[in-house]
Amino acid sequence: MTKNKHLALYGGKPVRNAYLPYGRQWIDEEDIKAVTKVLQSEFITTGPMITEFEKAIRDFVGTKYAIAFSSGTAALHAACFAAGITENDEVITTSMTFAASSNCILYLGATPVFADIDPKTFTISPEAIKPLINENTKAIITVDYTGTPAEYDEILSLAQEHGLIVIDDAAHALGATYKQRYIGSIADLTMFSFHPVKHITTGEGGIITTDNHQFYEKLVGFRNHGITRDPQKIIGKHEPWYYEMQEIGLNYRMTDIQAALGLSQMKKIGYFLVKRREYAKKYTEAFKDLEGVITPTEQKYSDSSWHLYIIRLDLSKLRVDRNAIFKALQKENIGVNVHYIPVYLHPYYQQLGYKIGLCPNAESLYEEIITLPLFPKMSEEDLNDVIKGVRKVISYYLIN
Ligand SMILES: *Cc1c(COP(=O)(O)O)cnc(C)c1O
């Protein structure tokens, strides 16, 4: 089905007939069997699959604990709660991210403080964090944007110096490594998301990994209304039916149906990463000499998980802006996207008083980026269509 019936903006047929999205899940027979099995079993929620899925993630990243949640956003909320973030606290984060990375700070009544990005890696800049730290600062929320790990040596040493907790929004970074260590085992608390466009999916879902037992206990409580049945922790009378709500929490539980899907997906994570890395390499190879296009920079000491492949336009070489290039690519039936609108530019944040111009590097990046389709299920042919389409559109609009 052709989503876009128009001919390409500048005449001629689009490079492909079928619309190619920027990301999509991979679900196979094994996944369907795993889910069906749970549906036929006794527990469809909070049963054995949750425990198994949590173990698979924990073993993969190498942490003591992994606690599953109903979404990545719920997991971030829980991480902020476990970190003890409350009103009057400030939390430093990046604006080049999905709104959830800083909304979780607002949920607890605390204040997000936006540090600008590094102009090369596009992740939060440790130099920009430094002057923002004060006596109210409680934590730093990093984002491994596109799958590129943030600068953890510098960030963790700043955190240690000032007694801050580091929460990693690693929604993009399952399988990424920083100096030979898996993302998930580096920050105090790390969140992974299992939304269908992410590395593995549970439909909706998220998880926190940590090595800290106190955080673990807080997270488990928060996921289930703050209720405990643990006789060791009960303050009141010890009856077999008795349970106690000792803190405030929510119903943020993942179902066993979702966990079974996640567990089955984890069997393919190695292959998913190979495919994403292979395709990213091909894009970079194909565009490295294309004028008007700047390909992503990679650090020597980390290995991106390539959730997103983002090209940056060199607008000085083009006759039109990003929006025109974006529309032209859509007409080619290439499902390009923009990740992200700097969070504080959203009306809700504007109304809170954040000023335009706060993070100049993030704002100028935002004007120049386009996300290309990248997911394991896309074929070599799909990839070549994207390359062809980008070459076609960019060459058409080049100043010569
Ligand atoms: C996807 C995503 C989230 C939220 O995850 P959900 O599972 O959709 O709630 C948070 N942060 C970033 C950077 C994301 O990409």
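The values are calculated or read from the model by the stated rules, or taken from the named source; none is laboratory data. Since we're looking at a predicted model, the values are computed, not measured. Here Cβ is always computed from backbone atoms with ideal geometry, including for glycine, and neighbour counts include all displayed protein chains.
Points worth noting:
- Residue list for the stretch 181-218, filter: more than 16 Å from the ligand (Cβ to nearest atom) and of a type outside the set (S, T, N, Q): Arg181, Tyr182, Ile186, Asp188, Asp211, His213, Phe215, Tyr216, Glu217, Lys218
- Filter pass, Thr137 being within 16 Å of the ligand (Cβ to nearest atom) and not small (Gly, Ala, Ser): no
- Residues being among the polar types (S, T, N, Q) and either assigned by TED's automatic domain parsing to the domain that holds His339 or under 30 Å from Asn337 (Cβ atoms) (or both) - total across the stretch 119-176: 6
- Conditions (1) of a type outside the set (Gly, Ala, Ser); (2) within 13 Å of the ligand (Cβ to nearest atom); (3) under 18 Å from the mean Cα position of the chain (by Cα): number failed by Tyr178: (2)
- Residue in the stretch 222-237 that is within 16 Å of the ligand (Cβ to nearest atom), of a type in the set (Phe, Trp, Tyr) and in a helix (DSSP H, G or I) present: yes
- Answer from Thr297, Thr284 - the residue that is in a helix (DSSP H, G or I), more than 16 Å from the ligand (Cβ to nearest atom) and either surrounded by fewer than 18 Cβ atoms within 10 Å (Cβ to Cβ) or acidic (Asp, Glu) (or both): Thr284
- For the stretch 93-116, the set of residues classified as in a strand (DSSP E or B) and small (Gly, Ala, Ser) consists of Ala115 only.
- Leu358 at pLDDT 95 or above, over 18 Å from the mean Cα position of the chain (by Cα) and in a loop (DSSP other than H, G, I, E, B): yes
- Selection status of Thr94, within 16 Å of the ligand (Cβ to nearest atom) and free of Cβ contacts under 8 Å to residues at least 60 places away in the same chain: no
- Flag for Gly236 being in contact with a Lys or Arg (Cβ under 8 Å, 6 or more places away or on another chain) and not basic (Lys, Arg): no
- Scanning the stretch 324-344 for residues that are touching a helix residue (DSSP H, G or I) at 6+ places or on another chain (Cβ under 8 Å) and either within 16 Å of the ligand (Cβ to nearest atom) or not assigned by TED's automatic domain parsing to the domain that holds Asn17 (or both) yields Val338, His339, Tyr340, Ile341, Pro342, Val343, Tyr344.
- Residue within the stretch 254-267 that is of a type in the set (Lys, Arg) and not in a helix (DSSP H, G or I) present: yes
- Residue pairs meeting the criteria (Cβ under 6 Å; at least 6 apart or on separate chains; first more than 29 Å from Ala18 (Cβ to Cβ), in the stretch 357-385; second in a strand (DSSP E or B)): Leu358/Phe114; Cys359/Phe114; Asn361/Ile117; Ala362/Ile117
- Candidate set: the stretch 153-175, residues that are among the charged types (D, E, K, R) and buried (at least 24 other Cβ atoms within 10 Å of the Cβ); chosen: the one nearest to the ligand (Cβ to nearest atom): Asp169
- Candidates Asp321, Asp230, Asp211, filtered to the one that is within 29 Å of Lys64 (Cα to Cα) and at pLDDT 95 or above: Asp211
The rows are residues; the columns are (1) of a type outside the set (Gly, Ala, Ser); (2) at pLDDT below 95; (3) more than 21 Å from the chain's Cα centre (by Cα).
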{"residue": "Glu30", "(1), (2), (3)": "yes, no, yes"}
{"residue": "Gln40", "(1), (2), (3)": "yes, no, yes"}
{"residue": "Phe53", "(1), (2), (3)": "yes, no, no"}
{"residue": "Phe60", "(1), (2), (3)": "yes, no, no"}
{"residue": "Ser71", "(1), (2), (3)": "no, no, no"}
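- Residue tally, condition hydroxyl-bearing (Ser, Thr, Tyr), part of a loop (DSSP other than H, G, I, E, B) and either out of contact with any helix residue (DSSP H, G or I) (no Cβ under 8 Å at 6 or more places or on another chain) or buried (at least 24 other Cβ atoms within 10 Å of the Cβ) (or both), over the stretch 182-213: 1
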